[in-house]
Each structure stands twice: as C-alpha cells, then as structure tokens.
Amino acid sequence: MASSSSGLNLHDSSIARDETKEETYELTYDQLLERIKNKQKKIVQTTAPTAWDQINIYPSFAFIQTMTQVQNTSHSSYFQKGLQIGIGMELFSSNWFSETAYRNFGITKNQADELYLKELDFKVGYKNLLGNALEFRLSSGVSTRNFRLSNEETGFHFESKNPALLLSCGIFSNTHQSPLLLGLEANVRNVLIANEIDKGSFGLNFIFMGYF
C-alpha cells in the first residue's frame with residue numbers, strides 16, 4: 001500500500017508540474033501576442049503620414065521684367081529688368097502653396113527720367129499637373145511697391161510706398177527625377193491706393209525653383 005500511495009503521489013506531482021508548465025506556457029504566449037500587437041501599433045503610429053509630412057519648403061530665384069505704367073509724365077511706361085529671390089511652402093497639400101518674394105529693379109533711366117522700384121510680394125496659390133512633365137500655378141496676394149520717379153532737368157520728383165493687388169499665373173516643368181523646377185510666370189499689379197503717377201505694372205518672371 002505504501003508503495004502504491006507513493007506511486008500515486010509521484011504521478012499526481014508530475015501531473016501538477018505538467019499543468020503548471022502548460023499554464024506558464026499559455027501565460028507567456030498571451031504576453032507575447034500582446035507585446036507583438038503593441039509593437040505593431042507603435043510602428044503604425046510612427047509611420048502613418050501626417051499633414052506636416054506634406055510640407056515642402058522651396059527657395060526660388062528669378063530674372064524678372066516689368067512694364068510699369070505711369071501718368072502725367074513725359075513717358076507713359078517704363079521697361080525694367082531686375083532680380084527676384086523668394087521662398088515658398090506647400091500648405092499641408094501638394095496643391096496649395098504660399099510664397100514670399102523680394103524684387104529689385106534698381107534704377108532705370110529713360111533720357112532724363114529715373115525710375116526706382118522695389119517690391120515685396122506675399123501670395124497664396126493653387127497648382128496642379130498638366131500631363132507628366134508640366135504643372136500650372138495660379139496665385140493672388142498683395143505686393144508692397146517702393147516707387148520713386150524723378151527728372152533732374154525739370155526738378156520733378158514723386159515717391160510712394162503703396163500696396164498693390166497681385167495676380168499671377170505660370171507654367172513650370174515638373175519631373176519626379178529632379179528637385180529643380182523651371183518656369184515662366186506672368187503677373188499683373190494694380191495699385192490699391194490711387195495716386196497721380198504710379199498706375200501699376202505687368203511683368204514676366206523666368207523662375208528657377210528647388211524643392212528640399
């Protein structure tokens with residue numbers, strides 16, 4: 001009897017150990033599944049795109065030309081050439097953007113007349129693809145015009161700092177292999193505060209733009 005009871009005890013203890021192992025294995029397996037799920041959630045949260053991921057900042061450089069309209073002077077218009085530097089940003093979308101640009105035409109002489117013009121542009125626009133290699137851009141905003149016209153012979157002098165309504169449209173190259181865009185942009189500027197001399201301008205920009 002003693003031997004049989006000891007055999008039962010050994011059998012029961014082995015069963016208990018097996019059950020303990022099974023419970024331990026099941027608990028470890030559940031924990032492992034939970035850890036895998038948590039890691040997957042972290043990976044998804046880390047790699048999921050956000051609106052901030054769609055922001056691209058791009059500098060630009062342009063050769064610019066403009067025809068400035070004037071009144072009550074010896075010439076009705078002045079053709080000017082200058083340079084433009086700017087920076088732009090996509091507004092949480094690949095289609096909407098904002099840009100700021102500084103434009104300097106320096107001093108343009110036409111006989112005895114001297115025209116000085118600098119501008120600072122702020123604009124918001126929309127862009128979209130035209131086929132596989134081109135995109136169009138439409139934008140509007142406000143431009144601050146630092147305008148001065150003088151004539152040494154007659155002693156005439158006019159100077160103003162006026163805001164102007166800015167409208168522009170352009171065509172740009174767009175290839176996925178290159179971060180550099182080349183484009184041609186036309187713009188119109190209408191002075192918002194009426195004056196006797198400065199009547200706004202029409203211009204063309206030859207733009208070099210790079211995405212980073």
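The values are calculated or read from the model by the stated rules, or taken from the named source; none is laboratory data. Keep in mind the model is a prediction, meaning the values are calculated, not measured. Quick reminder, even Gly has a Cβ in these numbers, built from the backbone with ideal geometry, and neighbours come from all protein chains shown.
Here is a yes/no grid of residues against (1) of a type in the set (S, T, N, Q); (2) under 22 Å from the mean Cα position of the chain (by Cα); (3) modelled with pLDDT under 90; (4) not assigned by TED's automatic domain parsing to the domain that holds Phe202:
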site: Lys42; (1), (2), (3), (4): no, no, yes, yes
site: Phe61; (1), (2), (3), (4): no, yes, no, no
site: Asn132; (1), (2), (3), (4): yes, yes, yes, no
site: Arg137; (1), (2), (3), (4): no, yes, no, no
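Scanning the stretch 99-109 for residues that are surrounded by fewer than 18 Cβ atoms within 10 Å (Cβ to Cβ) and either outside the structural domain of Leu83 (by TED's automatic domain parsing) or in contact with a strand residue (DSSP E or B) (Cβ under 6 Å, 6 or more places away or on another chain) (or both), we see that the one that is farthest from Gly183 (Cα to Cα) is Ile107. Quick check on Asn174: is it in contact with a Leu (Cβ under 7 Å, 6 or more places away or on another chain) and at pLDDT below 90? Judged against the criteria, Asn174 is a match.
Can we say Ser160 is farther than 28 Å from Gln111 by Cα and either small (Gly, Ala, Ser) or outside any strand (DSSP E or B) (or both)? Taking the combined requirement at face value, the residue does not satisfy it. One residue stands out in the stretch 175-200 among those that are out of contact with any Phe, Trp or Tyr (no Cβ under 9 Å at 6 or more places or on another chain) and part of a strand (DSSP E or B): the one that is surrounded by the most Cβ atoms within 10 Å (Cβ to Cβ), namely Gly200. Summed over the stretch 125-141, the residues that are assigned to a strand (DSSP E or B) and in contact with a Ser or Thr (Cβ under 7 Å, 6 or more places away or on another chain) give a count of 3.
All of Ser143, Ser150 fail the test of being modelled with pLDDT under 95, hydroxyl-bearing (Ser, Thr, Tyr) and surrounded by 13 or more Cβ atoms within 10 Å (Cβ to Cβ), apart from Ser150. When Leu129, Leu134, Leu120, Leu115 are screened for being in contact with a Phe, Trp or Tyr (Cβ under 6 Å, 6 or more places away or on another chain), aliphatic (A, V, I, L, M) and closer than 19 Å to Met209 by Cα, only Leu120 passes. Thr73 passes every criterion in (1) in a loop (DSSP other than H, G, I, E, B); (2) closer than 20 Å to Asn190 by Cα; (3) modelled with pLDDT of 75 or more apart from (3).
Let's see how each residue does on (1) of a type in the set (A, V, I, L, M, F, W, C); (2) in contact (Cβ under 8 Å) with a residue 60 or more places away in the chain; (3) touching a Ser or Thr at 6+ places or on another chain (Cβ under 8 Å):
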site	(1), (2), (3)
Leu149	yes, yes, yes
Glu152	no, no, no
Leu165	yes, no, yes
Ser173	no, no, no
Gln177	no, no, no
Val191	yes, no, no
Asn195	no, no, yes
Phe202	yes, yes, yes
Phe206	yes, yes, no
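Residues satisfying the criterion are present in the stretch 118-130 (criterion: buried (at least 16 other Cβ atoms within 10 Å of the Cβ) and more than 21 Å from the chain's Cα centre (by Cα)).
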